[in-house]
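Here is the structure we will look at, set down as structure tokens.
The values are calculated or read from the model by the stated rules, or taken from the named source; none is laboratory data. Bear in mind the structure is a predicted one, so any value in this text is a computation, not a measurement. Methodologically, a virtual Cβ is constructed for each residue, glycine included, from the backbone with ideal geometry; neighbour enumeration extends over all protein chains shown.
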Amino acid sequence: MTAYDDWAAAAGQSFDAVSQDGERRRVRLDSVSPAQRANGWLGYTLQFTAAPDSTLQQETYELSGVGIAEAVFLVPTGRTADALTLEAVFMVVDEEER
């Protein structure tokens, strides 16, 4: 199973997000894009939401939950009355093409 498979299986689950200064917040993995394969690379994005009053900023967070514990760079992409949205973009070597 690849990291992509782990993330895809975790869609809809909540994670603890610990910032570099130690603050802990909750985020929900709303969606995982389809994997895109090209020239030996595998690319995909993760879409998260947090509480609308969340102070999450562009930063690397230690995410943990549902069998995943990984440092992920999150970028806020918008805020509505209902949620703060964040995105993580991955481009990794495609192990299936090795």
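With respect to residue 46, is the statement that it is modelled with pLDDT of 95 or more and farther than 14 Å from residue 8 by Cβ true? Answer is no for this residue.
Residue-level check: of (1) surrounded by 13 or more Cβ atoms within 10 Å (Cβ to Cβ); (2) more than 22 Å from residue 21 (Cβ to Cβ); (3) of a type outside the set (A, V, I, L, M, F, W, C), residue 64 misses just (2). Screening the candidates 75, 92 for the property of being in a strand (DSSP E or B), modelled with pLDDT under 95 and either touching a strand residue (DSSP E or B) at 6+ places or on another chain (Cβ under 9 Å) or surrounded by fewer than 16 Cβ atoms within 10 Å (Cβ to Cβ) (or both) yields one hit, 92.
So that you can scan it fast, the table gives a plain yes or no per residue for (1) outside any helix (DSSP H, G or I); (2) at negative phi; (3) basic (Lys, Arg):
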position	(1), (2), (3)
6	no, yes, no
16	yes, yes, no
22	yes, no, no
27	yes, yes, no
30	yes, yes, no
34	yes, yes, no
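In the condition set (1) in a strand (DSSP E or B); (2) exposed (fewer than 15 other Cβ atoms within 10 Å of the Cβ), residue 47 is compliant with all but (2). In summary, residue 26 fulfils each of the numbered conditions (1) surrounded by 12 or more Cβ atoms within 10 Å (Cβ to Cβ); (2) basic (Lys, Arg); (3) free of Cβ contacts under 8 Å to residues at least 24 places away in the same chain with the single exception of condition (3). Taken over the range 1-18, the residue count meeting the criterion of being of a type in the set (Phe, Trp, Tyr), in contact (Cβ under 8 Å) with a residue 60 or more places away in the chain and within 22 Å of residue 50 (Cβ to Cβ) is 1.
Residue 33 fails exactly one of the following numbered conditions: (1) at pLDDT 95 or above; (2) over 13 Å from residue 89 (Cα atoms); (3) polar (S, T, N, Q). What is the number of that condition? In the conditions (1) at pLDDT 95 or above; (2) over 13 Å from residue 89 (Cα atoms); (3) polar (S, T, N, Q), residue 33 misses (2) alone.
Could you list, in sequence order, the residues of the range 50-72 that are charged (D, E, K, R) and either out of contact with any strand residue (DSSP E or B) (no Cβ under 9 Å at 6 or more places or on another chain) or part of a loop (DSSP other than H, G, I, E, B) (or both)? Correct list: 53 only.
Residue-level analysis places residue 87 outside the set of residues that are in a strand (DSSP E or B) and touching a residue at least 60 places away in the same chain (Cβ under 8 Å).
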